[in-house]
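Inspection log for the structure reproduced underneath, given as structure tokens.
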Amino acid sequence: MQYSNIKTVLAPVSLAVGLTLGGVASAGMTHGPYLHDSSGKMVFNGASKCWKTVGGINKAVPSCGDQVAAPEPAPAAPKDSDGDGVVDSRDECPNTPAGVAVNAFGCPKDSDGDGVPDFKDKCPGTTKGVKVNADGCEIANNIVINTTTDYFDFDSAVLKPAMKAALDDVVAKLNSTPGEEQLEIIGYTDSTGPAAYNQRLSERRAQAVADYLASKGIQNLSIKGMGESNPIADNSTREGRAKNRRVEIRTK
């Protein structure tokens, strides 16, 4: 009778435990360490705790929400459209040709600082501050003659001996630089006389200088007359007018 009574007392307890455990066990498959029911939802107990399998035993844990949330997508890699190693947001020179060495700002390197990038520079190592052509080769600086040596006579385009000596120095400078200069020879006059006449006179002066340089083997010459425009001295004085009768040689 005593054993029978014990069985009678324990039976409801066993049934309750069995139902509880049976409910978890029959909930469904585990997904990772957490239990889900047959519809894929998390299994929670009466205390709103989810069930986690630890060492083969189902235990209630405080939270499993971090396991349910979908992972955030990885951020997209910064774009480098021209493939030079500098991302577009910092690239000051987009569309750099493939394979060209660039600086930290994505611009082609210019090692000698002459304004011509290394991949186009035919004369690397140019001295700082010298004038260069499109190939990065040194050329002569712009030159003005007749302002310190001698001046054209009034209404004349004849070169004086001192002018020819100055042009010989120009020839020497041109021949000493590795770059091939293109020269623009520009003639000027003072303000005396009609503007149209002075325009033609300035062209004759430029042509006289071009002819002399060509006789010394200098090529790539062009001329232009500017008449009485752009004076460098006061046309109201004799000395100022003399200085304005000049020729400028510009190198490109």
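The numbers here are math on the coordinates, done by the rules we state, and not lab data. Note that the coordinates shown come from a computational prediction; the quantities given were computed from them, not determined experimentally. Here the Cβ is made from the backbone with ideal geometry for all residues, glycine too, and neighbour counts use every protein chain on show.
Taking neighbour counts of Cβ atoms within 10 Å as a proxy for exposure, in what order, fewest first, do Ile218, Ile185 appear? Please report the intermediate quantities before stating the final value.
Working: Ile218 18, Ile185 24.
Ascending number of Cβ neighbours within 10 Å: Ile218, Ile185.
Take every Cα pair under 8 Å whose residues are at least 6 apart in sequence, average their separation, divide by the length of segment 143-251, and the relative contact order is 38 percent. The ranking of Glu203, Glu181 from fewest to most other beta carbons within 10 Å of each one's beta carbon is Glu203, Glu181. Going by neighbour counts of Cβ atoms within 10 Å, the residues Met163, Met226 line up, fewest first, as Met226, Met163. Close amide H pairs (under 5 Å, H built 1.01 Å from N) link Ile223 with Ile185, residues at least 5 positions away or on another chain.
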